Every structure is written in structure tokens, then in C-alpha cells.
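Only one structure is covered here, and it is reproduced in the block below.
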């Protein structure tokens, strides 16, 4: 099973039916797949990425905006304050976004993480993807 499939199954398996509806499951699937793609981009981009690489990943992020928002809206019902800690720090440059994203991606894939912790990490990752998109729009610093 690929990384995205494994992450998705770990979240769904611990979510007690939360993702039983096909639309909600599709929102999760898309958000996970884009997070994995973005993580791969950041791992490859040890220096400032090329314009072509930026354009590709920005288009990838743009393709999932509706699913990101739908997933976040669906998850508003989760109230476990001990594990539902979203990173609200502002990140401005590519290196800051890269470092924060890779750190939260490790949290997403930790073996001992609960489904709620994984979901919180995934939403932080989607937010960081949107920050990256905003930083690069239309001719930003990214």
C-alpha cells in the first residue's frame, strides 16, 4: 500500500465511522493525496524550487481547495481539546513552510498517533499548503 493509502486507512480505521459517507471519504482521500504529493515536493526541494516545480505544486494544491474546506468543515464537530491542537503560527518564507510541513507530516505518520491527532496534523498540512499557495500568488516570494 502506498503512503497516502496507509495514512488514509489509519485515519479511517480510528475514526469510528466518521468517514463512512462517500463524500466525506473523498474529501479525506484528496486531502491526504495532496499532502503526500506536497511532502514529496518539499523533500526534493532542498533549495529554492524552480518556477516549473512551484507551478506544478501550486496547481496540485489548487485542485484540492474545495476538498480541504469540506474536510475542515466536517471536522468542526471534533472537540477533543487534548489532541485537537492546530498549529496557528504564521509562516512566511519557503524554508519556514518547508520545515513546519515536514515536522507536521512526521506527526501525521507517527505509529502511535491517534486518528484524531492524524486528522489534526492533516488539517495543519492543508493550511500550510494554502499558505504556500498564497505566498506564491500571483508572483510571490516562494
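The values are calculated or read from the model by the stated rules, or taken from the named source; none is laboratory data. Just so it is clear, the structure is predicted and the values come from calculations on it, not from any experiment. Every residue, glycine as well, gets a Cβ built from its backbone with ideal geometry; the counts of neighbours run over all protein chains shown.
Summary of computed values
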| item | result |
| --- | --- |
| Count of segment 43-55 residues which are closer than 18 Å to residue 137 by Cα, part of a helix (DSSP H, G or I) and touching a helix residue (DSSP H, G or I) at 6+ places or on another chain (Cβ under 8 Å) | 2 |
| Tally of residues being in contact (Cβ under 8 Å) with a residue 24 or more places away in the chain and under 24 Å from residue 96 (Cα atoms) across segment 8-60 | 17 |
| Check on residue 75, touching a helix residue (DSSP H, G or I) at 6+ places or on another chain (Cβ under 8 Å) and at pLDDT 95 or above | no |
| Scan of segment 101-115 for residues that are more than 16 Å from residue 60 (Cβ to Cβ) and crowded, with 19+ Cβ neighbours inside 10 Å, ordered by number | 104, 108, 113 |
| Residue identified as surrounded by 15 or more Cβ atoms within 10 Å (Cβ to Cβ), modelled with pLDDT of 95 or more and outside any loop (DSSP other than H, G, I, E, B) among 28, 10 | 28 |
| Failed condition for residue 91, given (1) surrounded by fewer than 18 Cβ atoms within 10 Å (Cβ to Cβ); (2) in a loop (DSSP other than H, G, I, E, B); (3) modelled with pLDDT under 90 | (1) |
